[in-house]
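Note sheet for the following structure.
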Amino acid sequence: MSQSEYQGVRIIHEWFAKDDYRQDIVQRAYEVWWMDLVVLIECENGNWNPFAVWDSWKAFGLCQMNSNYHKIPQEYFDDWGKQIEICAEKRKWWTKFYGPDRLIKWVRCSKFVLDRFIFIE
């Protein structure tokens with residue numbers, strides 16, 4: 001799809017209820033940087049929990065940004081919209097996120113998560 005084809009398209013995560021607030025997070029991630037960012041977040045944080053903490057309290061939020069490697073601004077912790085913007089900016093500047101390359105049953109996460117989303121035009 002070209003950039004203009006993405007406009008006005010609704011994306012739905014099939015695992016979440018229609019009125020689940022995480023559907024708004026999925027939609028916003030899609031609007032910011034299409035499926036690249038959606039896949040990144042799905043593979044890093046499949047629950048789309050903006051308050052997720054992992055890796056001995058070093059990795060935080062939707063993209064599981066690690067405080068050992070990234071200078072994480074305070075607003076990242078308080079606002080899922082900021083998390084999406086910061087994650088997209090980091091990804092655009094070639095920051096390596098390991099979730100999409102993680103193997104699950106010998107298949108990269110980025111290859112099979114696409115089936116979890118439905119598009120409505």
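The figures follow:
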| item | result |
| --- | --- |
| Positions within segment 65-76 being surrounded by 14 or more Cβ atoms within 10 Å (Cβ to Cβ), more than 12 Å from the chain's Cα centre (by Cα) and either closer than 19 Å to Cys43 by Cβ or not β-branched (Val, Ile, Thr) (or both), in sequence order | Asn66, His70, Tyr76 |
| Top-ranked residue in segment 52-81 [being closer than 23 Å to Tyr30 by Cβ and charged (D, E, K, R); ranked as modelled with the highest pLDDT] | Asp79 |
| Flag if Ile84 is at pLDDT 85 or above, within 17 Å of Val26 (Cα to Cα), of a type in the set (Val, Ile, Thr) and touching a Phe, Trp or Tyr at 6+ places or on another chain (Cβ under 9 Å) | yes |
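The values are calculated or read from the model by the stated rules, or taken from the named source; none is laboratory data. The shown structure was predicted, so the numbers you read here are calculated from the model rather than taken from an experiment. When we count neighbours, we look across all protein chains shown, and the Cβ atoms used for this are built from the backbone with ideal geometry, even at glycine.
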